[in-house]
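Novice: Okay, handing you the structure first.
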Amino acid sequence: MIMKNKILNIFLAITVAFSAISCQESDNAIDQVFAGTTYGAILRTVKLNSGEFNSYDLNSKFDVDIEEQDPEDGALLDNVEVYLQFKGNEVLLKTITASEFNSGPYGLPRTNVSVTLQEAVTALGLSSSDYTGGDALPVRLQLNLTDGRSFTDSDASGSLQGSYFSSPYKYNTVIKCIPTSAVPGIYTIDMVDSYGDGWNGASIDVTIDGESTSYTLEDGASGSYEVTIPAGSSTMAFAYTSGAWDSEVTYTITYTDLDGGNEQTALSESVPAEGSKVLSICQ
């Protein structure tokens, strides 16, 4: 399938309608319809490699491959400005010039836009206490053309944001809390079996600095365990081992600091799949 090299004509429906009209109409009617029509430009999302930051990893990043399309197949591209937004504040992080784009497989300009959490907090003047998991840190792109026109998220209609073009200009990046090492605290594992006969061999396996312990619901409809990860621990891992009736299994892991504060749900699953689990713990 041959890819389109031109911007989709938003007046295509009008053209089709006029084509169906009797040939008695003057050919000049079409010219009148398109008189004064101008064509814009887009930044198509080729691939969103990463759309979130991790508060535990300053090297975590927003990363996207984009392709610029304009009426002259990229010849109008001047630059793309990359903005960061946080709680009503917006700053310009960097400007990517046309010379930094490469020719893509269809002859259109392509480049990569990458922003680490470290770059973002530095540009915004934030400290680690200023943000937490769940905070939005959107990345906004502005396309500037050599003819003086600019395009950004306020110019992107629904048809441009989805489907083939996927040109939102603004990516609603969020900050997550995914530990990269052990997080000292108290982890309460609440287990439920919908049938009421225990987990039938299933278990939650917790590994702290290489030592593993399995926790299971031997019988009944519910049960609870408390696991403490002490200060000074280096690594931790949580995993689920399947049993005979995983369809009956539900569990929730609740986290608190060692002093019992900062309570939050680190993980909650129903009918869990076997394997390692990713916890979310915001400090």
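Novice: Out of the stretch 241-267, which residues are over 14 Å from TYR187 (Cβ atoms) and in a strand (DSSP E or B)?
Specialist: THR241, VAL249, THR250
Novice: Sticking with this structure for a sec: Within the stretch 122-140, which residues are in contact with a strand residue (DSSP E or B) (Cβ under 9 Å, 6 or more places away or on another chain) and closer than 23 Å to ILE281 by Cβ?
Specialist: If the condition is that a residue be in contact with a strand residue (DSSP E or B) (Cβ under 9 Å, 6 or more places away or on another chain) and closer than 23 Å to ILE281 by Cβ, then LEU126, ASP130, TYR131, THR132, GLY133, GLY134, ASP135, ALA136, LEU137 are the ones that fit.
Novice: Right, next: How many residues are of a type in the set (A, V, I, L, M) and under 35 Å from the mean Cα position of the chain (by Cα) when one looks only at the stretch 217-233?
Specialist: 3
Novice: Right, next: Out of curiosity, is GLY261 free of Cβ contacts under 8 Å to residues at least 40 places away in the same chain, surrounded by fewer than 17 Cβ atoms within 10 Å (Cβ to Cβ) and closer than 23 Å to ALA182 by Cβ?
Specialist: yes
Novice: Restricting to the stretch 103-120, what's the tally of residues that are farther than 25 Å from SER60 by Cα, surrounded by fewer than 16 Cβ atoms within 10 Å (Cβ to Cβ) and not aromatic (Phe, Trp, Tyr)?
Specialist: Adding up the residues that qualify gives 3.
Novice: Could you please find all residues in the stretch 211-248 being aliphatic (A, V, I, L, M) and in contact with a Gly (Cβ under 7 Å, 6 or more places away or on another chain)?
Specialist: LEU217, ALA221, ILE229, ALA239, ALA244 - these are the residues of the stretch 211-248 that are aliphatic (A, V, I, L, M) and in contact with a Gly (Cβ under 7 Å, 6 or more places away or on another chain).
Novice: Sticking with this one: Which residues, counting only those in the stretch 198-232, are in contact (Cβ under 8 Å) with a residue 40 or more places away in the chain and loosely packed, with under 14 Cβ neighbours inside 10 Å?
Specialist: Passing the criteria: GLY201, GLU226, THR228, PRO230, ALA231, GLY232.
Novice: Still on this structure, please answer the following. Out of the stretch 178-194, which residues are under 28 Å from the mean Cα position of the chain (by Cα) and surrounded by 15 or more Cβ atoms within 10 Å (Cβ to Cβ)?
Specialist: ILE178, PRO179, ALA182, VAL183, TYR187
FYI, it's all coordinate maths here, none of it is from the lab. Just so we're clear, the structure is a prediction, and the values are computed from it rather than from any experiment. Here Cβ is always computed from backbone atoms with ideal geometry, including for glycine, and neighbour counts include all displayed protein chains.
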